[in-house]
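Below: the structure, in structure tokens.
The values are calculated or read from the model by the stated rules, or taken from the named source; none is laboratory data. This is a predicted model, so every value here is computed, not measured. Positions of Cβ are backbone-derived with ideal geometry, glycine not excepted, and every protein chain shown enters the neighbour counts. The area values use the complete protein model at the heavy-atom level, side chains included, leaving out ligands, DNA and RNA. Shrake-Rupley method; radii C 1.70, N 1.55, O 1.52, S 1.80 Å.
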Amino acid sequence: MTSAAEIFYDIAIIGAGPAGLAAAAEATKNGARVALLDNGVRSGGQYWRNREKDSGTGHHDWSTYQRLSADLETHSELIDYLPQHSVWHVERRDSGFTSHATSTSNADSRIRSRQVIVATGAYDRQLPFPGWTLPGVFTAGAVQALLKGHGVLAGKRIAVSGTGPFLLAVAAGLVEAGADVIGVFEAGSPLGFAKYPMALARNLTKMNEGREYAAVLLQNRIGYHTRTAVVAAHGDGEVAGVTIAKLDRNFGIVAGSESYLDCDTVAVGYGFTPQLELPVQLGCDTKRDIDGSLIAVVDKNQMSTIDGVYIAGEACGVSGAAASVVEGRISGTHAAHRSSGSPADTSEIDRLRRQRSVLRSFAVAMHNVFPVPRGWTEWLNEDTVICRCEEVTTAAVKTAVNELGANDARAIKLYARPGMGLCQGRVCGYATSCLVAECGKREPTVEDLRGIASRPIAQPISLGQLAAGIDSNRCFDGTE
């Protein structure tokens with residue numbers, strides 16, 4: 001039997017979430033030979049994170065996942081699905097690309113392909129606050145992942161805080177699973193959607209989804225508090241309660257509005273940060289999105305500024321699962337026809353592009369309605385940890401900027417060590433760049449954010465795996 005390492009694929013797709021599954025479905029439908037790599041046990045990504053024999057309960061738009069999975073089964077002879085494969089490096093070669101991945105066997109897998117589609121998604125964006133390192137404080141995505149992937153509640157009495165529509169989905173899921181949700185504390189206000197009537201009218205499915213979640217909260221008498229956030233967590237060794245406060249439009253705390261609530265768990269999320277390690281490795285151009293995140297630059301076919309590298313889904317702008325599916329379909333179709341040299345169905349591609357435009361209009365509205373203004377830095381005290389891996393405090397970052405002259409991501413890493421730990425800045429990177437910019441009375445730049453995302457090794461690997469995989473002069477078949 002031929003192994004994946006011995007095949008030269010038309011396309012290597014990295015990530016089996018909504019964008020990656022859609023790309024694989026379209027690519028195989030159009031005759032391309034595909035390798036689909038994902039670090040999860042099962043396909044679906046964060047959005048469709050599921051358990052074995054999952055009936056779809058608690059999942060939104062489960063029918064799309066089933067349809068994409070069925071499409072891949074139909075063309076199974078053209079696809080090698082490689083779960084539990086974490087891609088740590090992608091290199092360009094004259095013949096195409098080699099994707100290096102670690103697997104459960106601890107062997108270095110090298111997947112060669114003519115083209116690459118990066119569909120790595122995004123992870124929770126966090127804002128630090130006093131007490132956020134206490135056991136019991138989770139990202140909103142982690143709380144949802146425990147529930148969807150394992151049927152486990154993160155706690156018994158849970159506060160949900162942050163900004164954006166995702167909070168509603170997390171809170172509704174927790175309530176339906178039997179958790180005592182003490183409230184949803186939304187730092188912004190959804191009333192801002194009134195400024196975008198056309199985007200709402202064109203995306204009624206999104207509005208209906210939001211109404212479903214809101215109905216669950218209303219039926220269970222869960223409070224939804226706007227312009228309010230958890231600004232501190234308290235406890236001796238674990239969370240025992242939180243301080244909530246009213247916020248002004250800049251996320252500054254309204255004087256005298258603080259109050260204390262008992263709880264054992266906090267789920268916090270301030271939107272998402274696109275996962276860009278691989279596009280940055282490959283030299284793809286990036287830019288700042290409306291919400292301040294770094295995103296990859298792509299053309300109308302989802303191709304990046306590097307020939308043969310496509311990017312689909314949240315990595316080129318956080319727009320939701322439906323948009324990710326459409327972008328995946330566009331990239332998979334175009335890459336397949338580019339590989340074979342045959343013309344694509346322009347009418348179908350044009351239809352998908354129009355659909356993408358509609359979905360992105362909602363994303364633009366969402367980012368404008370739920371921004372993350374800079375006033376949150378007022379919540380911090382000098383002892384608040386910014387980088388939990390290296391235990392770097394607010395005071396240490398300020399000292400590096402104000403006394404040592406650090407004014408960019410690289411200098412801050414060298415002088416104060418934020419982003420030098422196990423997570424390599426994934427958790428603290430956004431907050432650190434904002435705090436550094438605030439000290440310098442400026443906005444975070446593309447260079448700040450790109451410096452945070454720049455990693456020669458995208459996933460944690462052992463030294464043995466690195467030694468085995470770094471010999472880039474030799475491919476699997478022994479050719480130079």
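The charge dipole of the stretch 84-149, taken about its Cα centre with unit charges on the Cβ atoms of Lys, Arg (+1), Asp and Glu (-1) only, comes to about 200 debye. Does the stretch 1-100 classify as rounded, prolate or oblate by the C-alpha gyration tensor (a ≥ b ≥ c root eigenvalues; a/c under 1.5 gives rounded; else a/b over b/c gives prolate, otherwise oblate)? Note, shape of the stretch 1-100 comes out prolate. Distance from the alpha carbon centroid of the stretch 54-81 to that of the stretch 170-217 works out to 27 angstrom.
Charge dipole (Cα centre; +1 on Lys/Arg Cβ, -1 on Asp/Glu Cβ; no other charges) of the chain amounts to roughly 920 debye. Rounded to the nearest 10 degrees, the angle from helix 429-439 to the longest Cα principal axis of the chain is 50 degrees.
Here's the list of lysines a cross-link from Lys441 could span, going by alpha-carbon distance under 17 Å and ignoring same-chain residues fewer than 8 apart: Lys398. The packing ranking, built from the mean of other Cβ atoms within 10 Å per residue, places the peptides 241-249, 342-350, 330-338, 457-465 in the order 330-338, 241-249, 457-465, 342-350, highest first. Partners of Lys287 within straight-line reach, counting lysines whose Cα lies under 20 Å from its Cα and excluding those fewer than 8 residues away in the same chain: Lys300. Using the Cβ-Cβ distance between Glu378 and Thr74 with R0 set to 51 Å, the FRET efficiency works out to roughly 0.40. Heavy-atom surface analysis with a 1.4 Å probe gives the stretch 179-312 a carbon and sulfur content of 53 percent of its accessible area.
Compute the relative contact order of the chain as a whole-number percentage, counting only Cα pairs closer than 8 Å that sit 6 or more residues apart in sequence.
Relative contact order for the chain comes out at 18 percent.
Near Arg33, the amide H atoms lying under 5 Å from its own belong to Asp10, Ile11; only residues 5 or more places off or on other chains count, and H is placed 1.01 Å from N. Rg/Rh for the stretch 325-368 (Cα atoms only, Rh after Kirkwood) is 1.11.
With N the number of residues in the stretch 119-159, Rg(Cα) / (2.2 N^0.38 Å) evaluates to 1.30.
Taking the helices alone, the chain has a mean residue ellipticity at 222 nm of -10000 deg cm²/dmol, built from -39,500 (n - 2.57) per DSSP H run of at least 4 residues and averaged over all its residues.
What FRET efficiency comes out for Asn402 versus Thr57 if R0 is 51 angstrom and r is the Cβ-Cβ distance? Round to the nearest 0.05.
Here the calculated transfer efficiency is 0.45.
Across the stretch 145-169, the residues whose backbone nitrogen lies under 15 Å from the label position 7 Å along the beta-carbon direction of Asp180 are 154-160. Extension gain, Val364 to Phe8, is 124.3 nm, computed as 0.36 nm per intervening residue step minus the present C-alpha separation. A simple rule links phi to the HN-Hα coupling: the Karplus curve 6.51 cos²θ - 1.76 cosθ + 1.60 with θ = phi - 60°, which for the stretch 393-406 gives 8, 4, 4, 5, 5, 4, 5, 4, 7, 7, 10, 9, x, 5 Hz, with x for Gly and Pro. A cut-off of 5 Å between modelled amide H atoms, ignoring neighbours fewer than 5 places along the same chain, links Trp88 with His100, Ala101, Thr102.
For the stretch 138-200, applying the loop criterion from DSSP together with a ceiling of 14 other beta carbons within 10 Å to the trypsin sites (Lys or Arg not before Pro) yields Lys156.
Normalised by the number of residues in the stretch 1-147, the average gap of Cα pairs under 8 Å and 6 or more apart makes the relative contact order 30 percent.
Since only Ala312, Val116, Val160 are under comparison, the one whose Cα sits farthest along the positive direction of the charge dipole of the chain, derived from C-beta charges on Lys, Arg, Asp and Glu, is Ala312. Average accessible surface for the stretch 299-407: 40 Å² per residue, computed with a 1.4 Å probe over protein heavy atoms with every protein chain in place.
Volume of the convex hull of the stretch 173-284 (Cα atoms only), normalised per residue: 198 Å³.
Just check the stretch 329-480 against the gyration tensor rule for me: Cα atoms, a ≥ b ≥ c as the square roots of the eigenvalues, rounded for a/c under 1.5, and otherwise prolate or oblate depending on whether a/b exceeds b/c. Oblate. For the stretch 204-250, the gyration tensor built on C-alpha atoms gives a prolate shape. Its axis ratio a/c (a ≥ b ≥ c) is at least 1.5, and a/b is the larger of a/b and b/c. For the Cα atoms of the chain, what angle does the longest principal axis make with the long axis of helix 321-340, in degrees from 0 to 90, nearest 10? It is inclined by approximately 20 degrees. Relative to the longest principal axis of the chain, what angle (0 to 90°, nearest 10) does the C-alpha long axis of helix 204-219 take? Between helix and principal axis, roughly 40 degrees. Tell me which residues come under 5 Å, amide H to amide H, from Gly271 once H is placed; ignore anything under 5 positions away on its chain. Those qualifying (amide H under 5 Å, at least 5 residues apart or on another chain) are Arg125, Thr163. When the charge dipole of the stretch 179-225 is built from unit charges on Cβ atoms (+1 for Lys and Arg, -1 for Asp and Glu) and taken about the Cα centre, the candidate among Val184, Tyr213, Ala201 whose Cα reaches farthest toward its positive end is Ala201.
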